[in-house]
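K.L.:
After the structure tokens below, expect a handful of questions from me.
The values are calculated or read from the model by the stated rules, or taken from the named source; none is laboratory data. Keep in mind it's a predicted model, so treat the numbers as computed, not measured. When we count neighbours, we look across all protein chains shown, and the Cβ atoms used for this are built from the backbone with ideal geometry, even at glycine. SASA here: full protein model, heavy atoms, side chains in, ligands and nucleic acids out. Shrake-Rupley method; radii C 1.70, N 1.55, O 1.52, S 1.80 Å.
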Amino acid sequence: MEGKILDYNAQQQKGLIRGNDENRYEFNASEFRSQEPIRIGQTVHFKIDGENALDIYLLKGNNLISVITNEENISKLSQKAREIISQSIQGDNHNPLGVGASALAIITLFLPLVKQINNSKNHLINDAIGIISLFLLLALGYLFYTGAKRIQTRVLTGIISGLLLSGIYDMFEPMRDIWKQEEAARRYLKTDSGKFVGGLAQAIDPSYTPPNTGFFDVAKFGFFAVILAIIALLFLAFMGSYKEKH
């Protein structure tokens, strides 16, 4: 069966997989058959033994991401982004603001978007969506630079914006599970106090201080930067002045 790693505790070497059948299966790190580190959100194939997952393998898409996101390749991609920025300053750049916005969006892929929870992914570049967005943003920067037909930049900008928003939504998946647990704890105690399992923990130990898990406690600078980049790209592609090559 295939599924996604929903939770992983590195200290206990245990985790949880949500299968395609919507059931959850516990696993031990010893059952992980890949040399890649275990991360929340990874897509895996596994065997089922009751409520346990055995013989867990990363699917090929995850291996591709690991190859692309190693330090050497990230350095090459960053160099390409710097070249785009350099070309926007000199040469026959038809739409320098568009090139600059594309470069800004590329940078945001490498910034942490949310607070990391239990080794969860918090950079867009660590996911397939981020990898695809990177190459599409390089292409978009080229279209802005060369003054391609505006319909081309609009279509590509729309696709990229959708991908980035989808990636942001996925980044908050661990937090959505925590917020659900918070709500369950509050309903159980019939009170509005307590966060995460804080309500239950405080009932046992009044000195317990629950973690801050509000939206603005979780969202990092990268989240606001990528939202700004999306808005800038949409404005420049659909509403701002645009110079086509004749």
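K.L.:
Would you mention how many residues in the stretch 2-36 are assigned to a loop (DSSP other than H, G, I, E, B) and open to solvent by 70 Å² or more (accessible area, probe 1.4 Å)?
P.N.:
Here the count works out to 8.
K.L.:
If you check Ile84, Ile56, Ile65, which single one turns out to be touching an Asp or Glu at 6+ places or on another chain (Cβ under 8 Å), assigned to a helix (DSSP H, G or I) and either at pLDDT 60 or above or open to solvent by less than 40 Å² (accessible area, probe 1.4 Å) (or both)?
P.N.:
It is Ile65.
K.L.:
Here's a follow-up. For the condition closer than 17 Å to Asn95 by Cβ, surrounded by 13 or more Cβ atoms within 10 Å (Cβ to Cβ) and modelled with pLDDT under 85, what is the one hit in Gly240, Gly194?
P.N.:
Just a single option satisfies the conditions, and that option is Gly240.
K.L.:
Just need a number here: residues in the stretch 102-127 that are at pLDDT 85 or above, part of a helix (DSSP H, G or I) and open to solvent by 40 Å² or more (accessible area, probe 1.4 Å).
P.N.:
Residues flagged as at pLDDT 85 or above, part of a helix (DSSP H, G or I) and open to solvent by 40 Å² or more (accessible area, probe 1.4 Å) within the stretch 102-127 amount to 2.
K.L.:
If I ask for residues that are modelled with pLDDT of 85 or more and among the basic types (Lys, Arg), which ones from the stretch 137-180 would you list?
P.N.:
Of everything in the stretch 137-180, those that are modelled with pLDDT of 85 or more and among the basic types (Lys, Arg) turn out to be Lys149, Arg150, Arg154.
K.L.:
Restricted to the stretch 39-53, and to residues that are open to solvent by 20 Å² or more (accessible area, probe 1.4 Å) and not small (Gly, Ala, Ser), which residue is nearest to Val114 (Cα to Cα)?
P.N.:
If we take residues in the stretch 39-53 being open to solvent by 20 Å² or more (accessible area, probe 1.4 Å) and not small (Gly, Ala, Ser), then Arg39 is nearest to Val114 (Cα to Cα).
This table checks each residue for (1) out of contact with any strand residue (DSSP E or B) (no Cβ under 8 Å at 6 or more places or on another chain); (2) within 19 Å of Asn122 (Cα to Cα); (3) not small (Gly, Ala, Ser).
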| position | (1), (2), (3) |
| --- | --- |
| Asn9 | no, yes, yes |
| Lys14 | no, no, yes |
| Phe32 | no, no, yes |
| Pro37 | yes, yes, yes |
| Ile40 | no, yes, yes |
| Thr43 | no, yes, yes |
| Ile48 | no, no, yes |
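K.L.:
In the stretch 133-166, which residues are open to solvent by less than 50 Å² (accessible area, probe 1.4 Å) and part of a loop (DSSP other than H, G, I, E, B)?
P.N.:
Gly147, Ala148
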